[in-house]
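Where a number appears in this text, it was derived from the coordinates with a stated rule and is not lab data. Not measured: the values here are computed from a predicted model. Please note: Cβ atoms are built from the backbone with ideal geometry, for glycine as well, and neighbour counts cover all protein chains shown.
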């Protein structure tokens with residue numbers, strides 16, 4: 001009997017056990033949503049900054065489970081994986097609170113950043129704002145993307161929290 005059948009199902013999305021399907025490594029970089037980089041370049045070339053702002057309104061939505069694209073650090077291959085179901089050993093006895101702050105900036109101020117926790121879209125983070133939400137998991141992956149879905153290199157964080165604890169993250173993404 002495999003491990004998945006031996007444990008109770010949690011129904012909670014997690015990225016903790018995601019591995020590269022080619023080499024099995026857990027060492028990877030988040031690229032963002034599949035096809036996001038190509039979409040961002042196409043819209044920028046076709047419509048310029050106005051097209052980018054108009055497409056930002058399409059980034060709305062909340063609590064959507066999204067597959068993400070990764071780039072394996074070991075075998076250098078890209079792969080797409082959605083969140084897996086969390087194992088019972090990942091669950092906290094009390095949820096932890098996560099605060100994500102976007103540092104106020106005049107550059108890119110009209111463009112929202114999209115926040116994901118463990119592959120679940122939490123929502124849009126506007127300029128100079130703080131977003132607060134809870135996680136039931138000990139091991140978490142926070143991904144912040146632009147409105148197209150391209151992950152920021154400084155906006156991907158894997159972290160561990162304790163039951164009832166709070167974690168605070170600040171992002172200052174420049175758009176030039």
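Order of 17, 70 from fewest to most other C-beta atoms within 10 Å? Each step should come with its number before you reach the end.
Numbers: 17 13, 70 23.
Taking fewest neighbouring Cβ atoms as first place, the list is 17, 70.
For 20, 75, what's the fewest-to-most ordering of other Cβ within 10 Å of each Cβ?
75, 20
For the peptides 128-138, 108-118, what is the packing order when you average, over each peptide's residues, the other Cβ atoms within 10 Å and list the highest mean first?
108-118, 128-138
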